[in-house]
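Here is the structure we will look at, set down as C-alpha cells.
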Amino acid sequence: MISYLLCDDPDIRQQLLPFTFTRPVARLRVGIDTLEEKWRDFLGPSSGFITAGYLQTLFAARYSDNNLLINASFIPDEELAQAVSALEPGYVLTCAGGWIACRCSRTEAEAFEPKVCLSGRKERPYSGNCLQIRHPWDIFMQNGKQIERDLARISKGRKTAALKGNGIRQWGAYPVFAEENARVEQAMIDTTEGPVYLGRDTVIMPGSIVKGPLALCEGSIIKMGARIYGGNTFGPYCKVAGEVECTVMTGYSNKAHDGFLGDAVLGEWCNLGAGTNCSNLKNDYSQVKVWSYAQDRFVPTGLQFCGLLMGDHSKSAIGTQFNTGTVVGVGANVFGAGFPKNFIPSFTWGKETYRVERAIETAKIVYARRNRTFGEEEAEVLRAVYRLSAGNRERSQSE
C-alpha cells in the first residue's frame, strides 16, 4: 500500500511567503480548487502534508512504509498524475531540473529534506507539460486557465443546476455552470472569453456585470453594481464589490465596497476597507518589483501588471491607497495618510507592532462571525509567524 503525501519544497515555500506562512503549499488556491483538491481528484485522498514544523499540528502527515512524496507546487493534470502514480522505487520524477515526485521509506519521509531524499535516485524526466506555482504572482497569472481546466474536470458527466433568479442576461460561447442554490438577480454575465463557475449558495446581486473566466466559490457574494473582469476566483465565503480583475481571494475575505483591485492575491480572513484602491501598473509602465522573503529584498517579477499580495488576517482602513506590487504580511493593519510602504511586515499596526495576542483575540471574533472556531492550534501558528517575522518588523520600524 502506497501513501502519498503533499510536500513543501522548502525553497519554493520560502518564495511563496506570505501565503505559506499559514498553510502548506498544497492549500494554495488557483482556479476553482486548491492544489490539494486537484491532486485528490486524480489520486484520491492524500495521507497529509510535509510542511514547516509549526504547521504540522494543523496539517499532519500519516507515514507508511512506502511513501510517494509529491512536490505540491506542481499543478496536476491526468497525464502528470499517471506519471507520478507509476513512478518506480529508486527513481525521482523530474521536470526542467526540478523534482516532482519520489518514493521514500518511512525513515526518509519522516526526515524529509529534498537534497538528501533525492540523492542517489535515478532521474525519470517527465516529458509532458509542467505547470508549477513558484512565486505568488504565478497564482493570478495561472488563474484564468486553471478555472477552465478545473471546470472541465468538475463538470464532467454532470449537468449544471438550475440557476435561480430573474432578469439574467448571458452571452458568449463558454458555459455558466451552477451548483445547488446559486442565484443571479438582474445581472449580466459575459462568457465570450471564459466560463463562469457559481458554487453552492453563491449570489450575484442586481446591477453587476461579470466576465469569465470566473470562479465564485461556495457561499460567496458579488454585491450590487460590481464590475468583475476576467481571471478571478473568490471564495469560499467572500464578499466582493467595486472593480476587480485577475484576482484570487483565497477564502473568507472581503472587498465589500467600491475601489479597484487587480492582478492580486489575498489570503484568508482579509478585509479591504471602503474605498481601498490597489495599483497594478506603474506610471512609467516599467517592470514591477516586489518584496521577496526568500531573497530579503525587492526582486523583479518580469510583469508589467502586478497589484496587491496580502497574507492572511490582514486588513486595510477606509481610503487606503496601495502602490503597485505591495506585499503585506500576516495579521497587519494598514492605515495612515499617503501610500503605505511597498512591503508591510506581518503584525504591524500602522507603524507600530500589532501584539500577537490582540491579533488572536480579533481572529476569534472574526471566525465566530462565520460560525467557525479559532482554536489554540491556529493561535500557535500565528504566534510562530509573529516570531519568524520579528526581524522584518524591527528593520521596517527603524527606517
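Here are some notes:
- Contact annotation: residue pairs with Cβ atoms under 6 Å, 6 or more positions apart or on different chains, pairing a residue in region 306-332 that is among the polar types (S, T, N, Q) with a partner that is outside any loop (DSSP other than H, G, I, E, B) and modelled with pLDDT of 95 or more, are 314/328; 316/272; 316/334; 320/334; 321/277.
- Residue check for residue 296: at pLDDT 95 or above, within 19 Å of residue 19 (Cβ to Cβ) and outside the structural domain of residue 231 (by TED's automatic domain parsing): yes
- Inclusion of residue 210 among residues that are under 16 Å from residue 308 (Cα atoms), part of a strand (DSSP E or B) and in the same structural domain as residue 182 (by TED's automatic domain parsing) is not warranted.
- Strands (runs of 3 or more DSSP E) enclosed by region 225-310 - at least 2 residues per element that are in contact with a Leu (Cβ under 6 Å, 6 or more places away or on another chain): 232-234, 243-251, 260-268
- Within region 206-225, tally of residues that are more than 16 Å from residue 248 (Cα to Cα) and either among the small types (Gly, Ala, Ser) or surrounded by fewer than 19 Cβ atoms within 10 Å (Cβ to Cβ) (or both): 6
- Residue count for region 278-305 satisfying the condition of being within 28 Å of residue 391 (Cα to Cα) and touching a residue at least 60 places away in the same chain (Cβ under 8 Å): 5.
- Scanning region 52-108 for residues that are in contact with an Asp or Glu (Cβ under 7 Å, 6 or more places away or on another chain) and assigned to a strand (DSSP E or B) yields 71, 92, 94.
Yes/no matrix, rows are residues, columns are (1) outside the structural domain of residue 218 (by TED's automatic domain parsing); (2) over 17 Å from the mean Cα position of the chain (by Cα); (3) more than 24 Å from residue 145 (Cα to Cα); (4) of a type in the set (A, V, I, L, M):
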| residue | (1), (2), (3), (4) |
| --- | --- |
| 244 | no, no, no, yes |
| 277 | yes, yes, yes, no |
| 281 | yes, yes, no, yes |
| 309 | yes, no, no, yes |
| 315 | yes, no, yes, no |
| 322 | yes, yes, yes, no |
| 333 | yes, yes, yes, no |
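- Hits in region 296-337 (condition: aromatic (Phe, Trp, Tyr), surrounded by fewer than 22 Cβ atoms within 10 Å (Cβ to Cβ) and in contact with a Ser or Thr (Cβ under 8 Å, 6 or more places away or on another chain)): 298, 335
The values are calculated or read from the model by the stated rules, or taken from the named source; none is laboratory data. Source: prediction; values computed, not measured. Cβ sites come from the backbone with ideal geometry, for glycine too, and all protein chains shown count toward neighbours.
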